[in-house]
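Down below is the structure, laid out as structure tokens.
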Amino acid sequence: MKALWLGLVLCLGAGVGAAQEVAAVAQGALLRGLDKINGSAQDLDLANGQSGVFGSLDVVLGECRYPVGDPAGDAFAYLTISEQGSGAVIFSGWMLASSPALNALEHPRYDIWVLRCKT
């Protein structure tokens, strides 16, 4: 029983360490925006701290991160997206390139997601 408990603790301990990947901060990110009404897409190439415009949205990139040792790996970026004119923030948080639906922008006309970090 003691050996079983020790094995379980070692396995869980290894799982916790493996789940936490060290991330590096990139210079910026490449985002893609889609206008769902007319079907047009546009890429936004932003540096960390820079803002861009897509349709009637202001998009600010806080920073983009990627796994250390794997620059082509899964990117995640902190975005703040607001409506032009009203300034109302409609999205603020981390978006993951591999799972854009996990924390997605919910807007009736526009969709924006992260493609990759710029290194």
- Item | Residue count for the stretch 19-53, restricted to those that are exposed (fewer than 11 other Cβ atoms within 10 Å of the Cβ) and among the polar types (S, T, N, Q) | 3
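Among the residues of the stretch 79-119, which ones are among the basic types (Lys, Arg) and assigned to a loop (DSSP other than H, G, I, E, B)?
Result: Arg109, single match.
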- Task: Could you tell me which residue of the stretch 62-93 is surrounded by the most Cβ atoms within 10 Å (Cβ to Cβ), considering only residues that are hydrophobic (A, V, I, L, M, F, W, C) and closer than 16 Å to Glu21 by Cα?
- Result: Cys64
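Just give me the residues in the stretch 104-119 being over 22 Å from Gly39 (Cα atoms) and surrounded by fewer than 16 Cβ atoms within 10 Å (Cβ to Cβ), in sequence order. Talk me through it step by step, then tell me what you get.
Filtering the stretch 104-119 for residues over 22 Å from Gly39 (Cα atoms) gives 117-119.
Hit for the stretch 104-119 is Thr119, nothing else.
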- Hits in the stretch 34-78 (condition: under 19 Å from Phe91 (Cα atoms) and in a loop (DSSP other than H, G, I, E, B)): Lys36, Asn48, Gly49, Gln50, Gly55, Ser56, Ala75
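We did not get these values from a lab; they are worked out from the coordinates using the rules stated. Given the structure is predicted, the values throughout are model-derived calculations rather than measurements. Methodologically, a virtual Cβ is constructed for each residue, glycine included, from the backbone with ideal geometry; neighbour enumeration extends over all protein chains shown.
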